[in-house]
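Here's the structure, in structure tokens; my notes come after.
Each value in this text was obtained by applying a stated rule to the coordinates, not by laboratory testing. Small disclaimer: the values here were computed from a predicted structure and weren't measured. As a convention, Cβ positions derive from the backbone with ideal geometry for all residues, glycine included, and neighbour counts pool all protein chains shown.
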Amino acid sequence: MSFSGRLIVIAGPTASGKTDAAYALAELTGGVIVSADCYQCYRGMDIGTSKPPKYMTEHIRHYMIDEYDVTYPVTAFDYSHRALDYMDSSADRTVILTGGSGLYIDSIVYSSYEFSGENTDLSYRRYLTEIAEAKGADALYDMLMEIDPEYAASTHKNNIKRVMRALEFYHDTGNRMSSAKKKRTMRFPDTEYYALSVSRPLLYERINARVDRMMSEGLEEEVRELYNAHPDRSLTAFKAIGYKELISAIEGETSMEEAVSLIKKRSRNYAKRQYTWFNANKDVRWIDADELNSIRIADMIFKGDSNV
């Protein structure tokens with residue numbers, strides 16, 4: 001690794017204001033931004049993943065956005081190795097790593113989350129997918145309980161993507177995800193790990209408003225276009241909240257109104273899981289963002305405000 005700069009993480013639940021805070025901080029530091037969102041890396045998934053607006057990406061260099069076609073099943077290995085390569089190219093600059101995908105963030109922050117490339121043929125992922133389709137989520141969860149009961153206890157059995165990641169991690173490395181979380185060996189010495197906290201009522205209000213805004217901005221049309229081009233519901237990209245619900249509506253399995261309501265509900269549930277992930281990490285320094293705008297948040301981090 002040749003990266004020797006300052007790594008600043010701005011994590012937190014969906015709709016907590018991470019994108020704006022990261023942009024404001026990048027302006028202050030002259031740094032670059034690396035997205036840690038497991039779906040922003042897909043091309044064409046713009047509205048539903050809340051990608052940074054064009055004025056941001058034109059002014060500040062953003063990495064790990066629009067990296068892959070929706071047909072490619074991106075893994076934590078793919079993400080971490082490409083993101084780390086981009087960080088190497090940034091040398092001694094400040095890198096702001098921002099997003100809500102806890103595993104993706106930790107794969108950069110901690111060397112103990114070291115994924116291997118042995119599974120690049122995706123055969124094991126296909127094997128797990130076949131089990132899930134044939135036997136359901138319980139079968140995968142039982143597999144995780146056998147190899148890593150501690151991590152399984154902190155994971156909902158219906159969170160198939162997270163269960164599969166843990167199984168893949170064990171398959172690739174021989175290590176349990178629970179052990180990797182305990183070790184948490186910092187990859188870079190100059191690392192600061194922040195997360196934005198927003199009160200639940202305000203956060204849920206923001207989530208609901210954001211889903212309504214996405215629909216008004218053309219999320220249905222975006223999903224239709226992608227699904228018409230790639231009519232395969234098993235694609236990893238189409239597991240994203242917002243896309244899978246609208247595909248169900250497009251297929252006539254539910255109404256569009258019911259799909260939107262479900263997107264809001266699942267987004268709120270996802271926010272709860274994000275809080276659980278980051279709360280379990282003692283390295284995280286929480287910022288109460290209820291009354292703070294993005295500029296104030298960035299200024300606090302930049303100055304190392306003792307109140308953070």
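In the structure shown, the pairs Lys51/Lys272; Lys54/Lys239; Lys51/Lys265; Lys135/Lys264; Lys135/Lys265; Lys18/Lys272 are assessed against 23 Å; a Cα-Cα span above that value is assigned to Lys54/Lys239; Lys135/Lys264; Lys135/Lys265. The calculated Kirkwood hydrodynamic radius for segment 201-270 is 12.3 Å, given to one decimal from all distinct C-alpha pairs.
In the chain, helices alone account for a calculated mean residue ellipticity at 222 nm of -16000 deg cm²/dmol, with every DSSP H run of four or more residues adding -39,500 (n - 2.57).
Near Met45, once Lys and Arg are set to +1 and Asp and Glu to -1 for all other residues with Cβ below 11 Å from its Cβ, the sum equals -4. Value of Rg to Rh for the chain, rounded to two decimals, is 0.94; Kirkwood radius and Rg both from alpha-carbon coordinates. Bridges between two residues of the chain, per DSSP, are antiparallel at a rate of about 5%. Cα centroids of segment 1-76 and segment 251-308: 15 Å apart.
Electrostatic tally near Lys18: other residues with Cβ closer than 14 Å to its Cβ, Lys and Arg +1, Asp and Glu -1, net +1. Sorting 271-282, 34-45, 224-235, 160-171 by their mean Cβ neighbour count within 10 Å, with the most densely packed peptide first, gives 34-45, 160-171, 271-282, 224-235.
Three principal axis extents describe the C-alpha atoms of segment 1-154; from largest down they are 50, 33, 29 Å. Of all the C-alpha pairs in segment 125-236, what % are more than 25 Å from each other? Result for the distance tail: 51 percent. Here Ala229 and Ser255 are evaluated by their C-beta separation; at R0 = 30 Å the FRET efficiency comes out at 0.80.
Computed over neighbours whose Cβ is under 14 Å from that of Ile297, the net charge equals -4, Lys and Arg +1, Asp and Glu -1.
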